[in-house]
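See structure below.
The values are calculated or read from the model by the stated rules, or taken from the named source; none is laboratory data. Values in this document were obtained by computation on a predicted structure and should not be read as measured data. Don't worry about glycine lacking a Cβ; one is built from the backbone with ideal geometry, like all the others, and counts go over all protein chains shown.
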Amino acid sequence: MKAVITGGAGFIGSHLCDHLVAQGHEVIVLDDLSTGSLSNLSQLEGSTAFRFVQGDILDRELVDELVAEADAVFHLAAAVGVYNIVDNPLRSLRINLHGTENVVEAAVKHRVPYMIASTSEVYGKNDADGLKENDDRIYGSPTKSRWSYAAAKGLDELVAYVHGVESGVPCVITRFFNVVGPRQTGRYGMVVPRFVDQALSNEPITVYGTGTQRRCFGSVYDVVPTLTRLMDTPEAYNRAVNLGGREEISIKGLADRVVQLTGSTSAITYVDYEQAYGEGYEDMQRRYPDTSLAARLIGYEPTRDLNDIIDSIVQHRRSAHSVPEPV
Ligand SMILES: NC(=O)c1ccc[n+]([C@@H]2O[C@H](COP(=O)([O-])OP(=O)(O)OC[C@H]3O[C@@H](n4cnc5c(N)ncnc54)[C@H](O)[C@@H]3O)[C@@H](O)[C@H]2O)c1
């Protein structure tokens with residue numbers, strides 16, 4: 001198979017590249033390197049199974065040209081991270097709406113099966129225990145740019161779904177719940193790499209809000225192999241599928257765990273949401289996935305617990321940046 005991966009220089013996309021090349025497939029990455037990095041792909045340099053194209057998913061002709069030669073499209077390119085969305089509201093909205101439309105339209109035109117990466121953010125402020133794929137979305141006001149990512153991803157799902165139904169081209173929609181692991185950057189607000197970096201440099205760990213908000217983190221190593229399996233499963237077509245971990249923890253609990261696992265001397269401090277992200281920022285108190293649909297469709301069962309996940313990030317950070325061991 002020849003696969004096009006948009007956003008392949010990013011965190012999840014680069015792991016998908018590794019996975020597909022290891023399985024003997026050919027990969028073409030389209031990425032503008034806005035939040036991704038070529039260093040995430042250095043292990044594939046020189047491989048004849050791999051090609052990198054620097055470009056923008058808003059460039060319709062380029063997207064069409066690359067998709068035309070593919071057997072499958074994995075669409076992961078997006079403007080991500082709270083800082084990115086809040087600081088660049090128009091550009092991120094355009095990327096997340098029109099970029100996805102370009103990719104889906106090209107896939108349908110050339111009859112290439114496609115997967116789009118959606119997010120648990122589509123549930124908005126719904127903090128039910130074990131969110132199921134058909135649960136309701138609860139959003140704040142559209143004038144709060146924080147919700148633009150969730151709203152755009154919800155529309156992306158609709159665009160992918162309607163095209164999939166009308167064209168008959170296989171379409172898979174995955175909803176990632178806080179996927180973490182090596183290569184994720186903390187620069188745009190992602191909490192686990194941010195805490196790990198602060199702990200490794202013995203700086204204060206900054207918890208946003210009260211720290212009582214609860215999250216559940218899934219390992220990129222559990223999630224990535226499911227993407228090709230879902231593409232091979234007709235029962236998964238034209239529906240959204242939740243993917244995430246099992247272990248729920250408060251953000252304060254996460255900070256404690258990172259301190260404990262790194263042996264850091266960091267203190268834990270608290271920063272108001274407004275100070276961190278600007279006025280009017282809203283967050284959800286809880287985010288926990290029901291992954292029983294993925295279990296039924298493809299036997300999805302997370303194998304890495306939170307300690308494994310944090311350890312893998314710590315190891316990667318220490319080797320990538322030669323961060324000294326905390327004393
Ligand atoms: N990591 C998570 O927990 C999580 C959760 C929910 C959804 N997702 C979704 O998964 C996908 C991958 O996220 P990630 O965590 O790997 O983030 P990431 O920032 O590492 O990856 C996104 C990639 O897209 C590229 N990109 C951005 N705009 C682009 C454009 N206009 N044209 C071409 N490339 C562009 C970036 O350079 C980057 O390499 C995204 O669609 C994101 O919305 C991730």
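Quick check on region 19-53: of everything there that is in contact (Cβ under 8 Å) with a residue 40 or more places away in the chain and touching a Leu at 6+ places or on another chain (Cβ under 7 Å), which residue is surrounded by the most Cβ atoms within 10 Å (Cβ to Cβ)?
Filtering region 19-53 for residues that are in contact (Cβ under 8 Å) with a residue 40 or more places away in the chain and touching a Leu at 6+ places or on another chain (Cβ under 7 Å), the one surrounded by the most Cβ atoms within 10 Å (Cβ to Cβ) comes out as L30.
Residue check: is T174 at pLDDT 95 or above and part of a strand (DSSP E or B)?
yes
Would you check if V207 is more than 30 Å from H75 (Cβ to Cβ) and either modelled with pLDDT of 95 or more or of a type outside the set (K, R) (or both)?
It is true that V207 is more than 30 Å from H75 (Cβ to Cβ) and either modelled with pLDDT of 95 or more or of a type outside the set (K, R) (or both).
How many residues does region 65-102 contain that are over 18 Å from I173 (Cα atoms) and among the aromatic types (F, W, Y)?
So the answer is 1.
Quick grid of which residues meet (1) over 24 Å from P193 (Cα atoms); (2) in contact with a Pro (Cβ under 8 Å, 6 or more places away or on another chain); (3) buried (at least 23 other Cβ atoms within 10 Å of the Cβ); (4) not assigned by TED's automatic domain parsing to the domain that holds Y149:
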site	(1), (2), (3), (4)
G81	no, no, no, no
D87	no, no, no, no
R91	yes, no, no, no
V103	yes, no, yes, no
V108	yes, no, no, no
R111	yes, no, no, no
M115	yes, no, yes, no
S120	no, yes, yes, no
G124	no, no, no, no
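Could you list, in sequence order, all residues of region 144-164 that are within 16 Å of the ligand (Cβ to nearest atom) and either small (G, A, S) or not in a helix (DSSP H, G or I) (or both)?
Those that are within 16 Å of the ligand (Cβ to nearest atom) and either small (G, A, S) or not in a helix (DSSP H, G or I) (or both): S145, S148, A150, A151, A152, G154, A160.
Among the residues of region 90-110, is there at least one that is touching a strand residue (DSSP E or B) at 6+ places or on another chain (Cβ under 7 Å), part of a strand (DSSP E or B) and among the β-branched types (V, I, T)?
no
I'd like the residue in region 117-132 that is in a strand (DSSP E or B) and of a type in the set (G, A, S) and, out of all such residues, is nearest to V224 (Cα to Cα).
For region 117-132, the residue satisfying everything is A117.
For a quick check of your reading of the model, give me the residue pairs whose first member lies in region 112-139 and is free of Cβ contacts under 8 Å to residues at least 24 places away in the same chain and within 16 Å of R286 (Cα to Cα), whose second is part of a strand (DSSP E or B) and within 15 Å of the ligand (Cβ to nearest atom), with beta-carbon atoms closer than 8 Å and at least 6 apart or on different chains.
Cβ pairs passing all conditions: R137/G124; I138/G124; Y139/G124.
With V196, V224 as the choices, which residue is surrounded by 21 or more Cβ atoms within 10 Å (Cβ to Cβ) and in contact with a Ser or Thr (Cβ under 9 Å, 6 or more places away or on another chain)?
Selected residue: V196, the only one of V196, V224 that is surrounded by 21 or more Cβ atoms within 10 Å (Cβ to Cβ) and in contact with a Ser or Thr (Cβ under 9 Å, 6 or more places away or on another chain).
Of the residues that sit in region 259-287 and are surrounded by 20 or more Cβ atoms within 10 Å (Cβ to Cβ) and closer than 27 Å to G124 by Cα, which one is nearest to the chain's Cα centre (by Cα)?
R287
Could you list, in sequence order, the residues of region 231-240 that are in a helix (DSSP H, G or I) and either within 7 Å of V172 (Cα to Cα) or in contact with a Cys (Cβ under 8 Å, 6 or more places away or on another chain) (or both)?
The answer is M231, A236.
The rows are residues; the columns are (1) without any contact (Cβ under 8 Å) to a residue 24 or more places away in the chain; (2) away from the ligand (no atom under 11 Å from the Cβ); (3) in contact with a Gly (Cβ under 6 Å, 6 or more places away or on another chain).
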position: T174; (1), (2), (3): no, no, no
position: F217; (1), (2), (3): no, no, yes
position: T228; (1), (2), (3): no, yes, no
position: V259; (1), (2), (3): no, yes, no
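Specify the residue that is modelled with the lowest pLDDT; the eligible residues are those in region 230-253 that are within 18 Å of the chain's Cα centre (by Cα) and within 13 Å of Y300 (Cβ to Cβ).
Among those residues, the one meeting the criterion is R246.
Any chance region 132-143 includes a residue that's in contact with a helix residue (DSSP H, G or I) (Cβ under 7 Å, 6 or more places away or on another chain), away from the ligand (no atom under 15 Å from the Cβ) and acidic (D, E)?
Yes, there is a match, as at least one residue in region 132-143 is in contact with a helix residue (DSSP H, G or I) (Cβ under 7 Å, 6 or more places away or on another chain), away from the ligand (no atom under 15 Å from the Cβ) and acidic (D, E).
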